[in-house]
Amino acid sequence: MSEIQQSSIQDFSEWILKIGNGDLGEGDGDNNITIPHDLIIQPTQNPLEDIINSTYLDLDAQYMDANYIQERANLGPTNEVVEELNDYIISSTNGVEHEYLSLDSICKASLNVAD
């Protein structure tokens, strides 16, 4: 990776952290944040496709490569927006969809089981 690429990634990382920490924007409550021009996607008739084409270059050929997918992220104002984008991405690939579920808490019933 070139020094310019490393510097660009560092700048972007710091900008995202400032947003997450609430250090950007002015005013009480809701803040307006200026988004750098190079991060703005010019929309056409299908905004979801515009995002995919910008973020996932050559998705049809690369979607099976775990590193390719891990190097990208979808950020949205709500989980619903991100879910809509993820659903659109999955529907536009030729692969078979698999859904994996997770738990965020421990089942209390298993705590009372005697050995």
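The values are calculated or read from the model by the stated rules, or taken from the named source; none is laboratory data. These numbers come from a predicted model, not from an experiment. Counting neighbours? That spans all protein chains shown, and the Cβs are built from the backbone with ideal geometry, glycine included. We work out accessible area using only protein heavy atoms, side chains counted, and drop any ligands, DNA or RNA first. Shrake-Rupley method; radii C 1.70, N 1.55, O 1.52, S 1.80 Å.
Please determine, by comparing only the residues of region 83-115 that are open to solvent by 90 Å² or more (accessible area, probe 1.4 Å) and touching a helix residue (DSSP H, G or I) at 6+ places or on another chain (Cβ under 8 Å), which one is modelled with the lowest pLDDT.
Residue satisfying both the conditions and the ranking: Glu97.
To keep it simple, each residue is scored yes or no on (1) loosely packed, with under 10 Cβ neighbours inside 10 Å; (2) out of contact with any Leu (no Cβ under 7 Å at 6 or more places or on another chain).
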{"position": "Gln5", "(1), (2)": "yes, yes"}
{"position": "Ile19", "(1), (2)": "no, yes"}
{"position": "Gly25", "(1), (2)": "no, yes"}
{"position": "Asn32", "(1), (2)": "yes, yes"}
{"position": "Leu39", "(1), (2)": "yes, yes"}
{"position": "Leu48", "(1), (2)": "no, no"}
{"position": "Ala61", "(1), (2)": "yes, yes"}
{"position": "Met64", "(1), (2)": "no, yes"}
{"position": "Asn67", "(1), (2)": "yes, yes"}
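From Val81, Val96, which residue is within 24 Å of Ile19 (Cα to Cα) and either charged (D, E, K, R) or out of contact with any Ser or Thr (no Cβ under 6 Å at 6 or more places or on another chain) (or both)? It would help to see each step written out before you state the result.
Values: Val96 fails: within 24 Å of Ile19 (Cα to Cα).
Sole residue among the options that is within 24 Å of Ile19 (Cα to Cα) and either charged (D, E, K, R) or out of contact with any Ser or Thr (no Cβ under 6 Å at 6 or more places or on another chain) (or both): Val81.
State all residues of region 48-87 that are closer than 22 Å to Ile35 by Cβ and hydroxyl-bearing (Ser, Thr, Tyr); if no residue qualifies, say none.
Residues satisfying the conditions are Ser54, Thr55, Tyr56, Thr78.
If I go through region 58-78 residue by residue, how many of them are within 20 Å of Pro47 (Cα to Cα), in a loop (DSSP other than H, G, I, E, B) and acidic (Asp, Glu)?
1
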